[in-house]
Structures are given as structure tokens and as C-alpha cells.
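The values are calculated or read from the model by the stated rules, or taken from the named source; none is laboratory data. Given the structure is predicted, the values throughout are model-derived calculations rather than measurements. Methodologically, a virtual Cβ is constructed for each residue, glycine included, from the backbone with ideal geometry; neighbour enumeration extends over all protein chains shown.
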Amino acid sequence: MKIKVVIPYFGKLPDYFDLFLKSCEINSEIEFLIFTDQKVKKEYPTNVTVYHTEFEVLKKKICCALNLSKSAMKNFSPYKLCDFRPTYGLIFEDYLKDSDYWGYCDVDLIFGKIFDILDIGEVAKSERILTQGHLTLYKNCPKMNHMFKLPLKGGINFDKVITYTEPCFFDEIFMPAICKSQNVIQYGDNCFADILPQYNQFVVAPTCTIKNVSNQKFYWENGRLLREYTESGNKMTDSLMYIHLQKRKLDCHYSYDDLKGRIYITPQGFFSASKYSEQCEMPSSSQKKIYFANRWKGFTPRKIWIKIKAEKFKEILS
């Protein structure tokens, strides 16, 4: 079974991009295709291919693949790409012809061993794998590649999404709702740590299957993403699919050679074992303040309307 994950990314990459790539490397079952205007490495893992391109070139590719006018893409920004993710099966069709499944993911992730968590047999029987937007896979077939075009009663359809400059949560909320309405065979285990961005400390989102605990520590070691914590006096360890670190500026306190060992992932940043101490687990002093300051920037009536729509469908999906 061949799986390809498409990652268009324009602008500055996270400081921990080298660790992201290392975590891609250990998931050799997946080919990662990165389209970016950034040049950060000369050598990449064998399962990672980087295509250097400009955003304007990708915009033209999108117009051609989806038969959109230039005026429809006039105010299209890299951040708006999230809404177009369910269309990647058409946009990147030339790169995906030999794949059984295609997908997309964020780059603010650190992967563990994905198929230690996901059952490869269940994946092979499914049309859509994983329910969150951080990492999602689709069966490479006409049905799923054109699914985004279908109407959703009461939702925001794709023909409306392309007319709005604001992000519409199409990949996270409305596309899953379309799939549910069409009885798409879906499979996913939310055994990952989606870290909520509105807290100074690491708080796991309630949509995850793991329970949030106050004394948890996350680290990456030998290709595995692990969480340690104490429960009823017993030391516990969870193996996770990935950790999602959205909207967080995290400093890196490790060298490339340190990636051969343990890397702690904390509210203060990334630390090699030699530089780590309990102080590294202290909550950030500024994360919450920065998050809410950015959240209220540029709020418009349409953004509020989109958010209300999204929350309504989120309840339906839960």
C-alpha cells in the first residue's frame, strides 16, 4: 500500500523543522511531498521529497486543477490553503497517480510511529483515515477526490469557501460532515496529543483519547513519541501517534546530533537530555497572552458567523 502526504508550506518554517523531518523519516510507510519557497537543507530523508516553488506558481496550479478564475484567487493567502486541503487529490493529481492513499498534515507536529497506533488492515478497508485536520488520509479514488464538491445542508459549501478570504475550517469541520452525510467509511484513533494553544502549560484537547494529567512529560526517542506521568503512585508511559503544537513559539535547545537520543518537548521548548531539567516543564510566561492578543486581531462579522457555523457542526460530529 502506497501512501503520500502532501505539504504545501510558504513562509518561515518552524525552528524545530529538523525534528519534524526526523519524525517523518521513521514513518517509512509514508512518502512526504513538501512544496515550499524555503531552502533549509541540502539532504532530506529518503521518504521526503522537497519541491522548491513559489506561492504564485501554486496558485496557478490550483486555478487550473479546480477550474477557478484568477479573480477567485486574487486574495488567496498561504493560510487559506487549509480550506483547500480536501482538494489536493485533484491539485496534486500528477504526483499521486501511483498512490493508494493521499493526505495532508501540519508541520507543527512531531510524529511517533504512526502505524504502531493505526491498524494497517483497518486503513486498507477505509476511505478516510483520521478525523482531525492535523493529519488526514483519503483513499485515492474519484469518489473521495471529488467529495469536497458535494453540498452540505446548513454548512459552508466549497463554492462559498473559495469566495471568502477568511479561513472556513472546511478541512476540519465541513469536509468531515460531508463524509459523514455520504456514509464514507472512516477510521481513526485519536491517540495523539493535541496541545491546546490558549494555555501556558501543556493541556491536551478533550478530543484526544488520552486523558489530560497535570504531571505529564512528553519526549521523542528512537522514533517513538512518548508521554510519561504518574497515576496513583505508578509511573505510566503512553506511546502516541504525534504531538500537535499549534500556535506556539518553541525554542530549540539541541543539536542535530542530539536527535539520535532523547528530545524533551516542553512548554519552554525542545531540550536534549543533557540540557533538560524539571525547570523546563514550567508553564510559559507569555503563551496565553500572545494567543489571545492574536486571536482578537482582525475579527470581522463574517469570521464570527463562520465560527458559529463551525461550532454547530463540531457538535454534530462529536
| said: Among the residues in region 135-156, are any of a type in the set (A, V, I, L, M) and touching a Gly at 6+ places or on another chain (Cβ under 6 Å)? | reply: yes
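To keep it simple, each residue is scored yes or no on (1) among the charged types (D, E, K, R); (2) over 25 Å from Leu250 (Cα atoms); (3) touching a Lys or Arg at 6+ places or on another chain (Cβ under 8 Å); (4) outside any loop (DSSP other than H, G, I, E, B).
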{"site": "Leu19", "(1), (2), (3), (4)": "no, no, no, yes"}
{"site": "Ile34", "(1), (2), (3), (4)": "no, no, no, yes"}
{"site": "Lys39", "(1), (2), (3), (4)": "yes, no, no, no"}
{"site": "Ile62", "(1), (2), (3), (4)": "no, yes, no, yes"}
{"site": "Ala72", "(1), (2), (3), (4)": "no, yes, no, yes"}
{"site": "Ser99", "(1), (2), (3), (4)": "no, yes, yes, no"}
Counting only residues that are closer than 16 Å to Gly269 by Cβ and out of contact with any helix residue (DSSP H, G or I) (no Cβ under 7 Å at 6 or more places or on another chain), region 15-32 contains a total of 4
Of the candidates Ile156, Ile178, Ile173, the one satisfying the condition of being over 30 Å from Ile114 (Cα atoms) and of a type in the set (Val, Ile, Thr) is Ile156
Gln132 passes all but one of the listed conditions (1) of a type in the set (S, T, N, Q); (2) surrounded by 19 or more Cβ atoms within 10 Å (Cβ to Cβ); (3) not in a helix (DSSP H, G or I); the exception is number (2)
Of the residues in region 142-166, those that are assigned to a loop (DSSP other than H, G, I, E, B) and farther than 16 Å from Ile91 by Cβ number 12
Filter region 226-266 for residues that are free of Cβ contacts under 8 Å to residues at least 12 places away in the same chain and either among the basic types (Lys, Arg) or assigned by TED's automatic domain parsing to the domain that holds Cys105 (or both); the one that is nearest to Gly112 (Cα to Cα) is Lys260
Scanning region 74-85 residue by residue, the ones that are surrounded by 17 or more Cβ atoms within 10 Å (Cβ to Cβ) and either assigned to a loop (DSSP other than H, G, I, E, B) or over 21 Å from the mean Cα position of the chain (by Cα) (or both) total 1
Restricting attention to region 102-150, the residues that are over 20 Å from Val184 (Cα atoms) and either free of Cβ contacts under 8 Å to residues at least 12 places away in the same chain or among the hydroxyl-bearing types (Ser, Thr, Tyr) (or both) number exactly 0
Taking region 217-245 and the residues there that are under 20 Å from Phe271 (Cβ atoms) and outside any strand (DSSP E or B), the one that is modelled with the lowest pLDDT would be Asn222
